[in-house]
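Here is the structure we will look at.
The values are calculated or read from the model by the stated rules, or taken from the named source; none is laboratory data. Predicted, not measured: the structure shown is a model, and the values here were computed from it. Because the Cβ atoms are built from the backbone with ideal geometry, glycine has one as well, and the counts that use them run over all protein chains shown.
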Amino acid sequence: MCTGAIGPRCLPDRVVTMSRRSALLALPCAAFLLSACSSLAPAQAAASPADAILLGRLFDARAGLVIDHGVVVIAGERVLCAGERAACSWDATTPQHDYGDALLLPGLIDLHVHARPHYIGAFVPSGVTTIRDAGNTLDTLARLRATSGAPRLLATGPLLDGPVSVLTPQGPAPFDAETLGGQPAITLTSPADADTVIDALAEAGVDWIKLYEQLSPEVFDAALQAAARHGLPVMADLGTVLTRGLTGAQVDARHAAASGVTTLEHLGGVALAYERLGGDPDAETLDPALLDRIVADLAQSGVAVVPTAGNAAQFAAPDSLPRDDLPGAALVAADFSGYWSHLSRVLGEPEVHALARSDQRLLRAMLPRLLAAGVRIGAGSDLPAAPYMLAGPALHQELDALVANGLTPVQALQAATHVAADILGQADLGRLEAGARADVLVVAGDPLADIRATRRIEAVWTDGTRVDLAAAWTTVENALDAARAEAQAEVEAGSTDEG
């Protein structure tokens, strides 16, 4: 999905055509937890002074179970020990935080966002301590990383697409070393382009490469090879029925997976693969044999899938995912209400709605099959592409949507913790065990019974420090106020210039 300053900037071609609107916003390492703790002898645990003791029920993200009398022992930015209280030891003078029956979870990971400076602070108080940004300018990423209270950030930088791209409506945007920091998208027309651009992005320090919908197979494969030379993983958005997945996309999910893509976003390229196998992605009933063939190919390749199920739900039925009980809901909703209303009207048009429903059917058919085949499923919100996905806490809506589409609550939690960390290649994230980053989300209730309990946040710790939630939300409010004032000043300046 493509994004603009606050919301997406350009609707997909099929939506533009069918809605007959000329100017629209865009749609844009180790053993299990207990064994890790028990391997720490009491004398070893006591040898390193702890800074904080967190008591409560504890979610073992690897095993997918809850330890009723759990503990997390924090030393500096790391977990010293975690698991059963009898397996860990600590000095009696260490500050203790007893959360009673509340559940201690690893800090959540959102694998697909398009962050902006005015709402980057809304992630951590929502329990999302790590994000993967899926498309931004390098200059914006520098601002995000410099913002106090921002989550841990891994990012792709600009999106890479072919010469006919929704990302570059004014025409191709070739690589320019002088203006690279401000380029949101770069056009690749040849394998040589792929080499040049990815060399530059690697030198600039990106963590991932993102390939978009309209690349030719030759250039797509060359980009993967260039990324591999730099040890950079690749995410691919190959389009869906609603976007450009059947109208201009040349690479399908089977090709991308076989070529070595690390993650497929939005189930992108699956509709095209299904069509190329002789199926009709718009049909009310999908052919199980064709779906199974696609799933088998994806499973064999080792690719992970970030389905952004919340997107599919909100596109098919805007505002269908509950949001009033989300952290910071009232604070962050106002700035998106106009965009949400506008996009909802477009999505309500019959022909557009039919496309969104096709994507929803495909998602519901594919997710259980992918899980059964052992394909890793990661949680990503694609904030702010879809309507009514809240900046910051949208990952909680994604968890809700994953469960609605066939995942168990445990699987959904794993998709946002240890599975997400494994997809990122970050062995010290997404789990509460010795050596891991001390990112902890404390929630009331039992999200293993009701996934929406993740929204009932009692505390957040990041890198071993407890977050002042009230202060964090005040900072978000101030940032939003400043962004509104800046936008208003620009409008007024424009009016003066016209006068």
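Of note, P117 satisfies the criterion of being in a loop (DSSP other than H, G, I, E, B), within 26 Å of G149 (Cβ to Cβ) and not charged (D, E, K, R). For segment 226-239, filtered to residues that are part of a loop (DSSP other than H, G, I, E, B) and not charged (D, E, K, R), the residue that is farthest from L362 (Cα to Cα) is H230. None of L264, L290, L242 is modelled with pLDDT of 95 or more and either surrounded by fewer than 19 Cβ atoms within 10 Å (Cβ to Cβ) or not in a strand (DSSP E or B) (or both) except L290. In segment 128-153, the qualifying residues are those that are in contact with a Ser or Thr (Cβ under 7 Å, 6 or more places away or on another chain) and not polar (S, T, N, Q), and the one that is farthest from R431 (Cα to Cα) is G135. If you go through segment 198-219 one residue at a time, do you hit one that is hydroxyl-bearing (S, T, Y) and either farther than 24 Å from V305 by Cβ or in contact with a helix residue (DSSP H, G or I) (Cβ under 8 Å, 6 or more places away or on another chain) (or both)? No: segment 198-219 contains no residue that is hydroxyl-bearing (S, T, Y) and either farther than 24 Å from V305 by Cβ or in contact with a helix residue (DSSP H, G or I) (Cβ under 8 Å, 6 or more places away or on another chain) (or both). Residues that are of a type in the set (K, R), in contact with a Ser or Thr (Cβ under 9 Å, 6 or more places away or on another chain) and either in the same structural domain as V128 (by TED's automatic domain parsing) or surrounded by 12 or more Cβ atoms within 10 Å (Cβ to Cβ) (or both) occur at least once in segment 450-458. When residues in segment 313-329 are screened for being out of contact with any strand residue (DSSP E or B) (no Cβ under 6 Å at 6 or more places or on another chain) and closer than 17 Å to A391 by Cβ, 11 of them pass.
Of R345, R323, all but one fail to be surrounded by 17 or more Cβ atoms within 10 Å (Cβ to Cβ) and among the basic types (K, R); the exception is R323.
Per the conditions (1) surrounded by 23 or more Cβ atoms within 10 Å (Cβ to Cβ); (2) among the hydrophobic types (A, V, I, L, M, F, W, C); (3) out of contact with any strand residue (DSSP E or B) (no Cβ under 6 Å at 6 or more places or on another chain), the sole criterion not satisfied by A420 is (3). In this structure, A299 does not qualify as assigned to a helix (DSSP H, G or I), surrounded by 15 or more Cβ atoms within 10 Å (Cβ to Cβ) and under 20 Å from the mean Cα position of the chain (by Cα). Among the residues of segment 120-146, those that are in contact with a helix residue (DSSP H, G or I) (Cβ under 9 Å, 6 or more places away or on another chain) and part of a strand (DSSP E or B) comprise V128, T130, I131, R132, D133. Looking at A385, A401, just one residue is under 17 Å from the mean Cα position of the chain (by Cα), within 28 Å of R364 (Cβ to Cβ) and at pLDDT 95 or above, and that residue is A401.
Of the residues Y99, Y119, the single one that is assigned by TED's automatic domain parsing to the domain that holds R455 and within 27 Å of L331 (Cα to Cα) is Y99. Entry remark, segment 428-447: residues being farther than 19 Å from C81 by Cβ, modelled with pLDDT of 95 or more and either surrounded by fewer than 18 Cβ atoms within 10 Å (Cβ to Cβ) or aliphatic (A, V, I, L, M) (or both) number 3 in total.
Please specify each residue of segment 87-117 satisfying the condition of being touching an Asp or Glu at 6+ places or on another chain (Cβ under 8 Å) and under 26 Å from G392 (Cα atoms). Listed by number, the residues that qualify are Y99, A102, L103, P106, G107, D110, H112, V113, H114, A115.
The single residue among A385, A356, A391 that is assigned to a helix (DSSP H, G or I) and either on the phi < 0 side of the Ramachandran plot or not assigned by TED's automatic domain parsing to the domain that holds A309 (or both) turns out to be A356. Residues of segment 302-329 that are within 25 Å of L355 (Cβ to Cβ) and part of a helix (DSSP H, G or I): A309, G310, N311, A312, A313, Q314, F315, A316. Among the residues in segment 400-410, are any acidic (D, E) and not assigned by TED's automatic domain parsing to the domain that holds L65? Within segment 400-410 (the criterion being acidic (D, E) and not assigned by TED's automatic domain parsing to the domain that holds L65), the answer is yes, since at least one residue qualifies.
Taking the conditions exactly as written (of a type outside the set (F, W, Y) and either part of a strand (DSSP E or B) or closer than 24 Å to D139 by Cβ (or both)), does D221 satisfy them or not? Taking the combined requirement at face value, the residue does not satisfy it.
Restricting segment 460-491 to residues that are among the β-branched types (V, I, T) and either touching a strand residue (DSSP E or B) at 6+ places or on another chain (Cβ under 7 Å) or not in a helix (DSSP H, G or I) (or both) leaves a set whose member that is surrounded by the most Cβ atoms within 10 Å (Cβ to Cβ) is V460. Right, T417: over 30 Å from L480 (Cβ atoms) and outside the structural domain of G76 (by TED's automatic domain parsing) or not? No, not satisfied. Of the residues contained in segment 448-459, one or more are found to be within 16 Å of A416 (Cα to Cα), part of a helix (DSSP H, G or I), out of contact with any His (no Cβ under 9 Å at 6 or more places or on another chain) and modelled with pLDDT of 95 or more.
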